[in-house]
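Readers should treat all values here as calculations from the given coordinates under stated rules, not as data from a laboratory. Fair warning: this is a prediction, and the values are worked out from it, not measured in the lab. Cβ placement follows ideal geometry from the backbone for every residue including glycine, while neighbour counts extend to all protein chains displayed.
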Amino acid sequence: MKKLLFVVLLLAVAAPALAGQAATNTGCGLGTVLWGTEADGSVISQSLQATTNGTFGNQTFGITSGTSGCAQPDNLIKNDRLLAFTADNLDLLARDIAAGRGETLDTVAELLEVPKAERPAFNSALQGNFDKIFVTGTETAGVVLDRIAVIAL
C-alpha cells in the first residue's frame, strides 16, 4: 500500500512538469499542427503528433520552408543565386574580402541587397573579420554566407 501511495504521489508531483514538455518532445510538423498545442501535453496527443510527423515525413519540409509550425534559422541564406555565385567564386571572394574591395565582393553585396551607401562599412566589417569567415580554408559557400550574415547583416 505504501508503494502505491508513493507512486501516486510521485505522478501527481511530476505531471505538471511533464505536461510542459510537450512542445519540445515532438517538435514541429503536420502532426503538431493537427494534434497538439502547447497547452495539450498528453501522452496520446504527443504520440499522435510523432506518428503523423513520422508517417508523412513532413518535418524536414517544414523546417526548410518555415511552415507547419517550424521556424527557419535567422541566418539561413535564401537566395539561390547568391549561393550559386559564392560557390563558383569562393576563392575570388576570399581574396576580395581580404583586400576589403573587389568585383566579387561587390556582387555579393548586391545579391545581399546591401545599400550602396552601406557597402564601405560592409566591406570593412568583412575585411576585419576575415579570420572568422575563413577559419580553415575549406569552408563551403553556405558556411561562408552564414558567417557573413552573422558578422555584417
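For GluC sites (Glu not before Pro), the sites in the stretch 99-130 that DSSP calls loop and that have at most 13 other Cβ atoms within 10 Å are GLU113. Stretched out straight at 0.36 nm per residue, the stretch from ARG101 to THR136 would grow longer than its current Cα-Cα span by 10.4 nm.
Highest first, please rank the peptides 127-139, 44-56 by the mean number of other Cβ atoms sitting within 10 Å of their residues.
44-56, 127-139
Roughly speaking, what is the stretch gain from ALA121 to VAL143, that is 0.36 nm per residue apart minus the C-alpha to C-alpha distance, in nm to one decimal? My answer for the length gained is 5.8 nm.
Across the stretch 104-111, rounded Karplus estimates of 3J(HN,Hα) from the backbone phi angles (6.51 cos²θ - 1.76 cosθ + 1.60, θ = phi - 60°) give 5, 5, 4, 5, 4, 4, 5, 5 Hz, Gly and Pro being marked x. What the phi angles of the stretch 142-149 give under the Karplus curve with 6.51, -1.76 and 1.60, with θ = phi - 60°, is a coupling list of x, 5, 4, 5, 4, 5, 4, 4 Hz, glycine and proline written as x.
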